[in-house]
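To start, the structure under review is shown below, and the notes come after it.
Read-outs throughout are calculated quantities, based only on the coordinates presented, and are distinct from any laboratory measurement. Here the structure is a predicted model, which is why all the values come from computation and not from measurement. All Cβ positions, even for glycine, are placed from backbone atoms using ideal geometry, and neighbour counts span all protein chains on display.
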Amino acid sequence: MTAGLMKMLLRYSPLLILAIGWELVSRLGLVSSDALPSLSAVAAAWIDLVRDGDLVSNGLSSLYRGGAGLALAIVIGGVLGILMARWKPVNVIFGPIVEIFYPVPKTALIPITVIWLGLGDGSKILLIFLGCMIPVTIGAFNGARSAEQALIWSARSMGADRIRILWDVVVPSALPELLNGIRTALALAFILLVASELITAQNGFGYLIGSLGDNGNYDAMYAVVLTVALLGFAADRLYQLLMHEMLIWRH
Amino acid sequence: MAQIVVDRVRHLYRPPRGKPVLALEDVSLEVREREFLALLGPSGCGKSTLLYLIGGFLPVESGGIAVDGKPVAAPGPDRGIVFQHFALFPWKTVRGNILYGLERQGMPSAERQKRAQQFIDLVGLTGFEDSYPSHLSGGMKQRAALARTLAFDPKILLMDEPFGALDAQTRHLMQTELLGIWQRTPKTVIFVTHDVQEAVYLADRVAVMSARPGRIKTIVDIKVDKTDPGVFKAKAFVDKVDEIWNLVKEEAIKAQVEHAS
């Protein structure tokens, strides 16, 4: 355990050096404290933000939007991708739509989702859902298409029907690529969340960053930006652990 | 009456791109119950296609195939299949793979567990019950696949070059074990191979197929004493291998020429 801890410390030591460098640069006055407040000042602002509840309440709003959008994308995107791979008519109908939609910068849809669903949670959830669905669908599609014929035939000869084969053979075959797609979607969810809240919102991380910046409260603004960055990092690490657990048969 | 009757089957292979290819032309074959039949031929002759048709994995478009008097329309648990590349579910352990077939057959849980263990022991995988296929050697994977198929007790065993991906020593070991299992369990086996020695060693009869389009060229009866440990050097064995090799040789050359063109 201590060896593992040492290894982790060593691995993330560049971050520690960066933090020390940051502190020194602003302490020595090499950069104006408006452009880059010292790390200690940011930490102090962070504690204040947590104490008065701003960070938590805005964070919960964001978490709800991100979680709901991502969950919808995983369920609907996963089902759609697998059906597209296994059932031609579904592919004929949805294939071109996914293709056209793939390269669209999803942030361009922010004003549209606002027109449709207003300034509240709905427009953010819709945006995150639309953006995250693409990598999930593509992952599920490619994964399901890679399901081996011999595995499907084996299951059939053992008495599995179509639905059984879909669930027992196609879905597990698709899992590695599907889980990779979800990982991309997870990162995308953070991007779309903060972007949409920065532009139009009354609360959430993005809103908080924007309003603190507008008021010149840069220490606190940095504190929120750092919080979002660390949350994104933690979510990805946790997700990788989960993925490793789910694909234990591959290692 | 024969258990498996293949009657004037013709099969067109339609690749996703390009022109359809005539894979089988007018193939007729009868296999008796409990018989071990080898389907031997050069690569691309359609021997695997014939096996998949009997298995019900491919539709019979022209001619007919019947098992126990009933036309084959779909795969069924009366015909178990073993593939060259094992086709084990990689996300299931050895035990999980074997249990799967038993589950699909609706066997009660306690009985499933007992039966799975019995077949794990039979193929010599005791101690590897909870290993995933990715942790097993090729030979062990094929043992697991064989156990999975034997466990749900199909009357007919369809084997598609099952030992083709194994090294020479493992292959020989598996051949001997398969013979032992076949002698103990009453099953009909159709065994696809392009290895003449293997066919002569394992089978009661060897059906030699022509190069594409596949036809049954001759069927050779094999009468060699397989219990003899020196069987591979016995004159009767060597003569049979020579006889069949001469039949296959010209087809193999034809197949090569076609590949090159």
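Only helices enter this figure: runs of n ≥ 4 DSSP H residues, each worth -39500 (n - 2.57), summed and divided by the residues of chain A, yield -26500 deg cm²/dmol at 222 nm to the nearest 500. Each stretch of four or more DSSP H residues adds -39500 (n - 2.57); spread over every residue of chain B, this sum gives -12000 deg cm²/dmol at 222 nm.
Anisotropy class assigned to the range A:45-170 is prolate, per the alpha carbon gyration tensor with a/c at or over the 1.5 cut-off and a/b larger than b/c. Over the C-alpha trace of the range B:117-261, radius of gyration and Dmax come out as 16.9, 51 angstrom. Our estimate of slack between A:TRP116 and A:SER40, defined as 0.36 nm per intervening residue step minus the Cα-Cα distance, is 23.1 nm.
Averaging the sequence gap over all C-alpha pairs within less than 8 Å and six or more residues apart, then dividing by the number of residues, gives chain A a relative contact order of 23 percent.
Among B:GLU30, B:GLU61, B:GLU198, determine the one that fluctuates most according to a GNM of chain B built with springs between C-alpha atoms less than 10 Å apart. For chain B, modelled as a Gaussian network with Cα springs under 10 Å, the answer is B:GLU61. Working from Cα pairs under 8 Å separated by at least six residues, relative contact order for the range B:88-153 is 50 percent.
Rounded to the nearest 0.05, what FRET efficiency do A:LYS7 and B:HIS85 have when you use their Cβ-Cβ distance and R0 = 45 Å? My answer for the efficiency is 0.75.
The Cα atoms of chain B cover 52, 44, 40 Å along the three principal axes, with the biggest extent listed first. Relative contact order of chain B, taken over Cα pairs closer than 8 Å and 6 or more residues apart, is 26 percent.
With both residues required to sit in chain B, DSSP beta bridges show an antiparallel share near 50%.
With the cut-off at under 19 Å, measuring from each backbone N in the range B:187-206 to a point 7 Å along the Cα-to-Cβ line of B:GLN256 picks out B:194-197. If you take every residue apart from A:ILE82 with its C-beta less than 15 Å away from the C-beta of A:ILE82, what net charge results, scoring Lys and Arg +1 and Asp and Glu -1? Neighbour charge sum, excluding A:ILE82 itself: +3. Converting the Cα gyration tensor eigenvalues of the range A:1-77 into ellipsoid dimensions via √(5λ) gives semi-axes, longest first, of 32, 23, 13 Å. Among A:ALA189, A:ALA140, A:ALA201, the residue with the largest mean-square fluctuation in a Gaussian network model of chain A, with springs joining Cα atoms closer than 10 Å, is A:ALA201.
Compute the distance from the alpha-carbon center of the range B:8-56 to that of the range A:131-161, in whole Å. Cα centroid to Cα centroid, the span is 27 Å. Taking one quarter of the surface of the convex hull spanned by the alpha-carbon atoms of the range A:56-119 gives a direction-averaged projected area of 5.5 nm². If you take the square roots of the eigenvalues of the alpha-carbon gyration tensor of chain A and sort them as a ≥ b ≥ c, do you get rounded (a/c under 1.5), prolate (a/b over b/c) or oblate? Cα axes put chain A in the oblate bin. Computed as a quarter of the hull surface, the mean projected area of the alpha carbon convex hull for the protein assembly as shown stands at 33.3 nm². Taking a ≥ b ≥ c as the square roots of the eigenvalues of the Cα gyration tensor of the range B:88-153, is the shape rounded (a/c under 1.5), prolate (a/b larger than b/c) or oblate? Note, shape of the range B:88-153 comes out prolate. Principal-axis analysis of the Cα atoms of chain B puts helix B:138-151 at an angle of about 80° to the longest axis.
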